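Values in this text are rule-based calculations from the coordinates and carry no lab data. From a predicted model like this one, the values you see are computed outputs, not experimental measurements. Ideal geometry is used to build each Cβ from the backbone, glycine not excepted, and the neighbour counts take in all protein chains shown.
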């Protein structure tokens, strides 16, 4: 690296309490380190913005800088301003990512040489094209150590999707690389955000294609809040959500979102992936567990449409026994914990229920209901509990052999994603319970709702479940 090098990007040191009054940090000008109060004992985080249409620095840059400084305190926060290179037609701006990446590499090389700053304490956070700038900075850097961490916030897809690892952000660019993908929905064969994994851990919130709260119906609220700028906010809503998820991880550290490794989005929504063994889950955002993997891991999670974004994931497994006739019941489930009770959530059976089979579901709640105490299965329709019917047969013996449609439940398992705590119903042959529709009658009767309530009798990790009726009596 030569001192004669003149970067085309500007670097601005951020100080808490000054949103736009930043200090210019100039590579190869030592006095700027002192004037900007750069502390070589503290970690360095560099924020790198993306492509710009209007040539202005976006407000989220200062929001992220403020969140980093206020939360972490002892940290150097620098903003990489490459607006002159980014305010171009997209293909030109994409080419300029290499120029900006080289600028960042020069800055880090100078810091290592002049201040003996250890670059494994460097964290580059790049959004959009800025994610690939971070990658190029890592590959161009020729210091004695590797950059510590790179975080890609919805790295751009066009002109980077499917390219060699040397042509985009990749796990080779730092000791640890994580990425958040929030806008991979395709339009005319292209997606704003890159679809392929580019880090050691790649998070795909809500599947990664599109984000809740970014529907066209939100345009009016954006217009009322931001004026004409609301159009741009609506267009960038899903793309920029990656930034706000990362900011949320700093501002709401008591509500950390967790992603779960899964082969694809479909399997995740079937509820088969809430496993944290062997680093199969990780925290999204700043406090991610830095674990190097042999290959990229794709992690999925659901979020709310607004901060705090965290939702609570549960895996529900229900075993149905000796189901001869295939049916598709309208079942819902609700969970009661030590803090609150959830609303009724529908359970979808794509192929119906038949034979002896265990069905797995993903259940998500917006609020923390505490430790699980009660689970209620609800079948809406003209139905009665089979246990009640069986007791009635003691008094009406001629009804014993009548065949009635219904369901026989076996084991029920519930697993909490965050704590990995398990709830297990010991349903053996005697514990199995059946639900059957009521008799058809010539005259119309009001529909009766059947609810099976499973009372949690002991604490996790394994909880015995009992069955109570709607009046609270243990069956």
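What nm distance separates the two modelled labels at residue 292 and residue 166, each placed 7 Å from Cα along Cα→Cβ?
2.1
For the ranges 339-346, 174-181, what's the packing order if you count other beta-carbon atoms within 10 Å of each residue, average per peptide, and put the highest first?
Ranking, from highest mean packing down: 174-181, 339-346.
Measuring from label point to label point, each 7 Å out along Cα→Cβ, what is the residue 357 to residue 278 span in nm?
2.8
If you average the sequence gap of Cα pairs under 8 Å that are 6 or more apart and divide by the length of region 231-388, what percent do you get for the contact order?
Dividing the mean separation by the residue count of region 231-388 yields 22 percent.
Hey, what did region 80-178 get for relative contact order, percent, Cα under 8 Å, at least 6 apart?
Answer for region 80-178 is 27 percent.
How much space per residue, in cubic angstrom, does the convex hull of the C-alpha atoms of region 233-303 take up?
Hull volume normalised by residue count: 115 Å³.
Using the per-residue mean of other Cβ atoms lying within 10 Å as a proxy for protection, in what order, highest first, do the peptides 143-149, 363-369 fall?
Working: 143-149: 18.4, 363-369: 16.1.
By packing density, highest mean first, the sequence is 143-149, 363-369.
Sort 270-278, 347-355, 415-423 for me by packing, meaning the mean count of neighbouring Cβ atoms within 10 Å per residue, highest on top. Write down the numbers at each step before the final one.
Values: 270-278: 16.2, 347-355: 12.3, 415-423: 18.1.
Packing proxy ranking, top to bottom: 415-423, 270-278, 347-355.
Under 1.5 on a/c is rounded, so check that first for region 160-213, then, if it is not, pick prolate when a/b is larger than b/c and oblate when it is not; a ≥ b ≥ c are the square roots of the alpha carbon gyration tensor eigenvalues.
Verdict is oblate for region 160-213.
Just to verify a number: FRET efficiency for residue 190 and residue 57, C-beta to C-beta distance, R0 = 35 Å, to 0.05? Show your work: numbers first, answer last.
Details: r = 26 Å, r/R0 = 0.74.
My answer for the efficiency is 0.85.
For region 133-211 and region 312-371, what is the centre-to-centre distance using only Cα atoms, to the nearest Å?
Computed from Cα coordinates, the inter-centre distance equals 36 Å.
Note down the nm distance, to one decimal, between modelled labels 7 Å out along Cα→Cβ at residue 216 and at residue 338.
4.8
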